[in-house]
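Working notes for the structure below.
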Amino acid sequence: MDLNSPLFDRIRVRKAAAEPRPQQVRTCDHPGCGAAAEHRAPKGRGKEGQYWQFCLEHVRAYNHSYNYFAGMDDDAVVRHQKADAVGHRPTWSMGVKAGARAQWRRGDGDQAAFDPFNLFGQTASAAHAATEERKPRLSVAAVKALETLELEEGADAATIKARYKALVKRFHPDANGGDRSYETRFQDIVRAYGVLRSLNLC
């Protein structure tokens, strides 16, 4: 073993531990008692977080006579218990804010109603007309068939029939001198029109 190795220069030795200091024993807070205070007791309402230090005999006597609500009337006790349910923190009602709620109300007094979708803001005939204007969504097959006929989704039956007749005349093999290169396109047009007829769109 090489005693001149630089590793031995870095060895540290722990210092001797200091001798423990004697702890001072706290005495009981009860007047005239000099016993060791090993138990704590709350000081009471309005002094939360503060404690008395008592010996076992006096902490038992204190706990036996302790009343947090001493000096409070019944209403104050009830209010305190309700506030205790939420940790004595301020609360507010959940839901729509008062300003937004007033904006959506219709009518006055007892006839006021919450109407967020403006259902009662328009007459029955206007609501019926708005429903009539909405058209059902088309299936994927119907959309593809309309694209094949080079039409938009909102095309009516007369437009679909007119476009079909025009495309048939244009891509029919007889109209192209027997050229079979348009045959696939012609078959797609006929198939698309059949899909639209099966869906009662034309």
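Ranked highest first by the average count of other Cβ atoms within 10 Å around their residues, in what order do 82-88, 167-173, 19-25, 143-149 fall? Mind showing how you got there, number by number?
Numbers: 82-88: 9.3, 167-173: 14.9, 19-25: 6.4, 143-149: 17.7.
Highest-to-lowest ranking by the protection proxy: 143-149, 167-173, 82-88, 19-25.
Give me the distance in nm between label points sitting 7 Å out from Cα along the Cα-to-Cβ direction at residue 170 and residue 199, one decimal.
In this crude spin-label approximation the distance works out to 2.1 nm.
Using 1/(1 + (r/R0)^6) with R0 = 41 angstrom and r between the beta carbons of residue 156 and residue 179, what's the FRET efficiency to the nearest 0.05?
Efficiency for this residue pair is about 0.80.
Hey, how many Å between the Cα centroid of the stretch 24-75 and the Cα centroid of the stretch 154-202?
Here the two parts' Cα centres lie 97 Å apart.
Between residue 25 and residue 45, what length comes free when the chain is fully extended (0.36 nm per residue of separation minus the Cα-Cα distance, one decimal in nm)?
Roughly 4.4 nm would be gained on extension.
All of the numbers you see were taken from the coordinates with simple rules; none came from a lab. A quick note: this is a predicted structure, and the numbers were derived from the prediction, not measured. Positions of Cβ are generated from backbone atoms using ideal geometry, with glycine treated the same way; all protein chains shown enter the neighbour counts.
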